[in-house]
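S.K.: Please read through the structure below; I'll follow up with questions.
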Amino acid sequence: MAPSSETIEEASLRIARLVEQERRTQPKAAKAGDIVPNVEAITCEWLSAVLCREVAGTEVVDFDISLVSAGTHARHRLHLTYNQNVAATALPTTLFSKTLPTVQNRMMVGMTGHARTEGRFYTQMRPELNLEIPVCYHSTVDRASCAAIHLLEDLVATKDATFADYETVVTLEMAEDMVELLGGVHGHFYDDPRFDNELKWIARFTRWFMGGVTKLRVDESTETALTQAAHCIPARLLARRNEIWPATMAALKIHEQYPETFLHSDVHIGNWYQTDTGRMGLCDWQCAGRGHWSRDLAYVISAALRIDDRRNWEKELVRRYLARLEETSGQAFDFDDAWLFYRQQMFHALLNWTPTLCPSELLPAAMQTEEMSLTMIERMTAAIDDLDSLDSCKGLL
């Protein structure tokens with residue numbers, strides 16, 4: 001177990017020693033509860049233990065692994081061979097894995113608790129939701145080393161999914177599906193009494209955000225990013241840049257003053273996919289927390305849509321979202337209040353991308369491409385400017 005009084009620098013050095021030890025000893029996983037520091041530790045015995053428990057006589061006898069991407073996690077695709085035909089079972093023949101093999105991966109995703117959050121969402125909460133979200137087959141997180149592995153549905157194999165990115169042109173129909181999915185999640189967990197007991201482990205958004213400020217120096221990254229991305233930021237907003245941080249902090253009050261729900265909290269366009277039937281789905285739940293629903297709503301609309309499309313569709317999308325939220329939660333919501341919350345929460349969307357463009361030394365240098373980071377900042381600052389979001393927060397200051 002990591003010492004509770006450990007500083008970020010001390011933790012980084014300790015984890016660096018563990019990663020170096022793993023590199024030298026090359027440990028292998030055999031039992032379901034074993035630590036899996038990287039995909040090199042995966043064995044047929046371990047895969048059989050975590051996948052085949054409920055299918056008697058079945059075991060994995062071979063597999064191959066291919067790298068998909070490396071950023072906040074290392075992502076791989078696994079092709080599995082079993083000792084018998086599994087077509088009539090629920091066993092997957094391909095899987096998508098997420099691991100934390102590097103020091104930076106573990107500091108960003110393991111040390112912050114993001115890996116543990118994602119694993120618990122998939123294993124404890126995902127089964128309650130009849131929505132387009134990947135299935136998780138196994139999750140293990142080690143608190144001491146901050147290593148983790150999630151074995152997830154291979155959406156390309158199961159649903160011929162196409163993953164979105166900043167160049168994806170999101171149509172109105174796609175955007176409607178996205179906000180309805182969020183309304184379904186938010187409505188299902190709206191003001192859930194379990195937040196006081198079995199779901200108490202879910203971090204409040206305010207705590208999550210302030211943890212990023214403390215551990216990852218988001219305030220410093222934001223100041224640097226506003227300078228580096230100045231050419232993408234509306235001149236009127238740039239002239240008031242000193243007001244952005246105070247407004248961001250003030251907008252946290254919304255999460256303290258209103259009922260909470262479960263938030264995905266990182267709903268940028270790169271975390272969405274479209275199935276072969278046209279449905280929009282949402283993956284990568286490691287930043288999830290609890291707070292006010294407007295956090296996700298402002299983020300997804302500002303991040304997913306081209307600026308002119310957002311200007312033309314945002315009020316319609318907010319109304320559609322509210323209809324789904326009301327239907328699922330059984331509560332009534334006022335549009336004017338929702339519109340104000342939407343305007344105010346734009347700052348927390350932006351503050352996901354300033355440290356992505358200009359990360360501290362504790363973050364991976366290339367979590368996303370510069371082009372994507374600049375596109376997100378351009379879209380979000382345009383929304384802040386269009387919606388007079390700075391002035392909307394004056395009542396919170």
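S.K.: Within the stretch 1-101, list the trypsin sites (Lys or Arg not before Pro) lying in a DSSP loop whose Cβ has at most 13 other Cβ atoms in a 10 Å radius.
M.R.: K28, K31, R53
S.K.: Then there's this: Taking the simple approach of a point 7 Å from Cα along Cα-to-Cβ for both T25 and L396, what is their distance in nm?
M.R.: Calculated label separation equals 4.7 nm.
S.K.: Something else now. Quick check on the chain: helices-only [θ] at 222 nm, where DSSP H runs of length 4 and up contribute -39,500 (n - 2.57) each and the sum goes over total residues. Nearest 500, please.
M.R.: My calculation for the chain gives -12500 deg cm²/dmol from helical runs alone.
S.K.: Turning to a different aspect of this structure: What's the local net charge at V86, with K and R +1, D and E -1, over the other residues with C-beta under 13 Å away?
M.R.: -2
S.K.: Calculate the dipole size of the stretch 160-396 relative to its Cα centre from +1 charges on Lys and Arg beta carbons and -1 charges on Asp and Glu beta carbons; express the result in debye to the nearest 20.
M.R.: So the magnitude is around 660 debye.
S.K.: I'd like the trypsin sites (Lys or Arg not before Pro) in the stretch 149-223 restricted to DSSP loop residues with at most 10 other Cβ atoms within 10 Å, sorted by number.
M.R.: In loop regions of the stretch 149-223 (DSSP not H, G, I, E or B), the sparsely surrounded trypsin sites (Lys or Arg not before Pro) are K200.
S.K.: Continuing with the same structure: If contacts are Cα pairs under 8 angstrom and at least 6 residues apart, what is the relative contact order of the stretch 8-157 in percent?
M.R.: Once normalised by length, the contact order is 23 percent.
S.K.: Just going by the charge dipole of the stretch 8-157, with Lys and Arg at +1 and Asp and Glu at -1 on Cβ, which of P127, V19, L51 is farthest out on the positive end?
M.R.: Going by the Cα projections, it comes out as V19.
S.K.: If exposed means no more than 11 neighbouring beta carbons inside 10 Å and the site is in a DSSP loop, what's the longest run of the chain without any exposed GluC sites (Glu not before Pro)?
M.R.: For GluC sites (Glu not before Pro) (loop position, at most 11 other Cβ atoms within 10 Å), the longest site-free span of the chain is 199-360.
S.K.: Are there trypsin sites (Lys or Arg not before Pro) in the stretch 103-145 that DSSP marks as loop and that have at most 15 other Cβ atoms within 10 Å, and which are they?
M.R.: R143
S.K.: I want the antiparallel fraction of DSSP beta bridges within the stretch 160-396, as a percent rounded to 5.
M.R.: 90 percent
S.K.: Quick one: angle between helix 8-25 and the longest Cα principal axis of the chain, in degrees between 0 and 90, rounded to 10, please.
M.R.: Approximately 30 degrees, to the nearest 10.
S.K.: Same structure again: Quick one: Debye curve from the alpha-carbon atoms of the chain only, equal weights, vacuum; give me log10 I(q)/I(0) at q = 0.07, 0.09, 0.10, 0.14 Å⁻¹ to two decimals.
M.R.: Once normalised to I(0) and log-transformed, intensities are -0.32, -0.54, -0.67, -1.30.
S.K.: Treating the beta-carbon of each Lys and Arg as +1 and of each Asp and Glu as -1, no other charges, what is the dipole magnitude of the chain about its Cα centre, to the nearest 20 debye?
M.R.: Dipole about the Cα centre, nearest 20: 880 debye.
S.K.: A further question follows. Each label point is 7 Å from the Cα along the Cα-to-Cβ direction; what then is the distance between the points at A332 and E9, in nm?
M.R.: Placing both labels 7 Å along Cα→Cβ, they lie 5.8 nm apart.
S.K.: Could you list L172, L155, L351 so that the one with the fewest beta carbons within 10 Å of its beta carbon is first and the one with the most is last?
M.R.: Ordered from fewest to most neighbouring Cβ atoms within 10 Å, L172, L155, L351 come out as L172, L155, L351.
S.K.: Turning to a different aspect of this structure: Quote the charge dipole size of the stretch 258-317 about the Cα centre in Debye, to the nearest 20; the model charges only the Cβ of Lys and Arg (+1) and of Asp and Glu (-1).
M.R.: Roughly 120 debye for the stretch 258-317.
S.K.: How high is the relative contact order of the stretch 6-76? Use alpha-carbon pairs under 8 Å, at least six apart in sequence, and give a whole percent.
M.R.: 18 percent
S.K.: Given a cut-off of 25 Å, name the pairs among K28/K98; K28/K215; K200/K253; K159/K200 whose C-alpha atoms lie farther apart than that in the structure shown.
M.R.: In this structure, K28/K215; K159/K200 lie more than 25 Å apart at Cα.
S.K.: Now for a different question. Take every Cα pair under 8 Å in the chain that's 6+ residues apart, average their separations, divide by the length, and report that relative contact order as a whole percent.
M.R.: 17 percent
Since every read-out is calculated from the coordinates, none of them should be taken as a lab result. Fair warning: this is a prediction, and the values are worked out from it, not measured in the lab. Note that each Cβ is placed from the backbone with ideal geometry, even for glycine, and that neighbours are counted across all protein chains shown.
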